[in-house]
Amino acid sequence: MTAFRGAGIIGGTASGPALVTRMPVNFTASFTQATNQVPGWRSRIRDRHHELFRKDVRGTILVYPATIGSTYTGMVLLELMYRGCAPAGIVVGHADSLMVSGSVLADVWFGRGIPVVEYGGSDLLDALRDGMLATVNGTIGEITVP
Amino acid sequence: MKLDDRQRDVINGGAGAAMAKAMKTLVGYGEAFGAARMVPVKSCHLAGTFGFVSYGAYYAVLEMMTAAGLRVVVPTTLNPRPGAALSLMNRYAFLKQKRLEEMLESIGATPNYSCVCYDGANVPGPGDRLAWAESSAVQYANSVLGARTNRNSVLIDICSAITGCTPEFGYLLDERRRGQVLVRLAVKEMDASALGYLIGQRVVNRVPVIEHYGFTAIQLKNMGGAMAAAGGVALFHVLGLTPEAPDMKTVFGGTEPAETLTITQEDLDGLRSRDLARPDLVVFGCPQMTYDEAVMLGHHFAGKKVTVPTWFCMVPAALRRLREDVLYGMLVDAGVAIHDVCPVAALSSQMGRKKILTSSGKLFYYLAGAAYGSEHDCLKASGVVA
């Protein structure tokens, strides 16, 4: 087990298979395409500019560097959490106002927020591969990987 | 976070359960970023104006707020409509449109329905603290008007509008407004929208400082919109042009740029599609076109006929003004379809592979499969210039 200590942004703990990218994510472009309405595709990334195109974020620990794009982001993530098809937890290189809002909104209005940890080091990306079981603890800001 | 007596009373339910949740949302939002206090805002701009059929949580929150009779306490404007009536597909995709508009207007928002709210409807001054959503409007308010707002999400915007406050962090503070990356230009033919796209891609969420160039207000709008779609930029500076960049020393706070990058003519040209022949649709106006922009672009169409369908997407108030102008008839005669909706939303419900060409870096990013062309490329594709 290796532990990485970052900053806890939103509290709580979660585990899941890692889904890792070095590209910034545009959540609005990813989850508001017409094809997201295909049954079962709501949580599939449909942003053609992105290397995670077609990947499903549901239940994963999503690890990415930064959020880009529209202010719909918080509403898009809130909806995924509300419907139980969001990532289980998020590790972001730089926590931003939009992604964090999604978890705060889901927590306050529906009791369904997810933990968020900010971790900027590239050693985590070197240690993690897609599908490896990762655990995030947003309360103390820790990520553990096998 | 330190709260005053009134804020504490609201959290404890003194203004009802929905209002307590709105304040708790803002506190949770602020505490995630270490905000020390709430500050009053001068205005809000709400981005959540698309009545997507497939979204539930957003409407559920709005229903709770309207049922509690909550109202905005600061001037609050609204983003564009999605064009629900434009096609059968859109009618279904935006089935919640009517109810959404009823709710937004019942809480007291101004029905301007434009992402370019700063074109008359909601004009902040330098130093004004705001709680705006809409990435392109946030960008313009911060960068060009010198106001101060974070990139607020849909719903966070409404929580601020009904409480009149926002947590103080990020772009409200001097530290976060300083330049970080210097952008040099090696450009012969300016394409501000492409430039914004490339800067957004490369600086991601930092604050770029572009070397002096005499951008027009229209170029600043289109460049900012692209920068906030291909990147997460909330604030940019242009040396000697925008209000917080009188000189290098001021804009970088006396420190050296963390990085310097150069955008070349080849970079700009590289974004232009090589397949410009006969698209199915050419779209101008994302962010929506102002009156001046429609006039500037419109004169190319006078006395001509478009050879492929061409859209102008305009600020609704600007379109009302244009209708009284002789140019309006000329555009209609030329075959231009003039809309006052959001092209990102209006065109996103199409499943097929329509070939859409646009001079908007923002629309290009969001519309799956769209192609980018310079303004001249797009006019040429419309068949009105050689």
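Any read-out appearing in this document is the output of simple, stated calculations on the displayed coordinates, not a laboratory observation. Note that this is a predicted model, so its numbers are computed, not measured. FYI the Cβ positions are ideal-geometry reconstructions off the backbone, even for glycines, and counts take in every protein chain you see.
Things to note:
- Within segment B:59-123, chymotrypsin sites (Phe, Trp or Tyr not before Pro) in DSSP loop having at most 10 other beta-carbon neighbours inside 10 Å: none
- Mean residue ellipticity (222 nm) of chain B, computed from DSSP H runs ≥ 4 via -39,500 (n - 2.57), nearest 500: -11000 deg cm²/dmol
- Rounded Å value of the spacing that divides the Cα centres of segment A:31-68 and segment B:67-100: 25 Å
- Estimated distance in nm for a label pair at residue B:354 and residue A:132, the labels positioned 7 Å out from Cα along Cα-to-Cβ: 4.5 nm
- Normalised contact order of segment B:178-271, rounded percent, pairs of Cα under 8 Å and 6 or more residues apart: 42 percent
- Where a label projected 7 Å from the Cα of residue B:212 along Cα→Cβ would reach, residues of segment B:231-247 with amide N under 11 Å: B:239-241, B:246-247
- Sparse-neighbourhood loop sites, GluC sites (Glu not before Pro) in segment B:121-199 - DSSP loop, at most 15 other Cβ within 10 angstrom: B:189
- Highest-MSF residue in chain B out of B:332, B:72, B:283 [GNM, Cα springs under 10 Å]: B:332
- Sequentially through segment B:326-342, phi angles give Karplus couplings (6.51, -1.76, 1.60; θ = phi - 60°) of 5, 4, 4, x, 5, 5, 5, 4, 6, x, 6, 8, 9, 10, 10, 10, 8 Hz, Gly and Pro residues having no value and appearing as x.
- A cut-off of 5 Å between modelled amide H atoms, ignoring neighbours fewer than 5 places along the same chain, links residue B:43 with B:131.
- Once the Cα-Cα distance is subtracted from the 0.36 nm per residue extended length, the residue B:255 to residue B:54 segment shows a gain of 67.5 nm.
- Projected label distance in nm at residue A:83 and residue A:1, using a 7 Å step from Cα toward the beta-carbon: 3.5 nm
- ³J(HN,Hα), Karplus 6.51/-1.76/1.60, whole Hz, each residue of segment B:11-24, x for Gly, Pro: 4, 7, x, x, 10, x, 5, 5, 5, 4, 5, 4, 5, 4
- Set of segment B:357-377 residues, backbone N closer than 13 Å to the point 7 Å along the Cα-Cβ line of residue A:48: B:357-358, B:364-372
- DSSP bridge pairs, chain B: antiparallel proportion in percent, nearest 5: 10 percent
- Here the extension length gained between residue B:262 and residue B:188 equals 25.3 nm, from 0.36 nm per residue of separation less the Cα-Cα distance.
- Loop-located trypsin sites (Lys or Arg not before Pro) in segment B:238-322, at most 10 other Cβ atoms within 10 Å (DSSP): B:274
- Tensor-based shape of the protein assembly as shown (alpha-carbon gyration tensor, a/c under 1.5 rounded, otherwise prolate or oblate): rounded
- Inter-centroid distance (Cα atoms) of segment B:146-215 relative to segment B:322-386, Å: 26 Å
- Over segment A:2-145, Cα pairs under 8 Å with separation of 6+ residues give a relative contact order of 38 percent.
- Cross-link pairs beyond the 28 Å C-alpha cut-off, checked among B:304/B:354; B:221/B:380; B:354/B:380; B:188/B:354; B:98/B:380; B:305/B:355: B:188/B:354; B:98/B:380
- Helix-derived mean residue ellipticity, 222 nm - over chain A, DSSP H n ≥ 4, -39500 (n - 2.57), to 500: -6500 deg cm²/dmol
- Rough spin-label spacing in nm, given labels placed 7 Å along Cα→Cβ, for residue B:12 and residue B:37: 2.1 nm
- Listed residues B:199, B:210, B:11, most fluctuating in chain B (Gaussian network, C-alpha, under 10 Å): B:11
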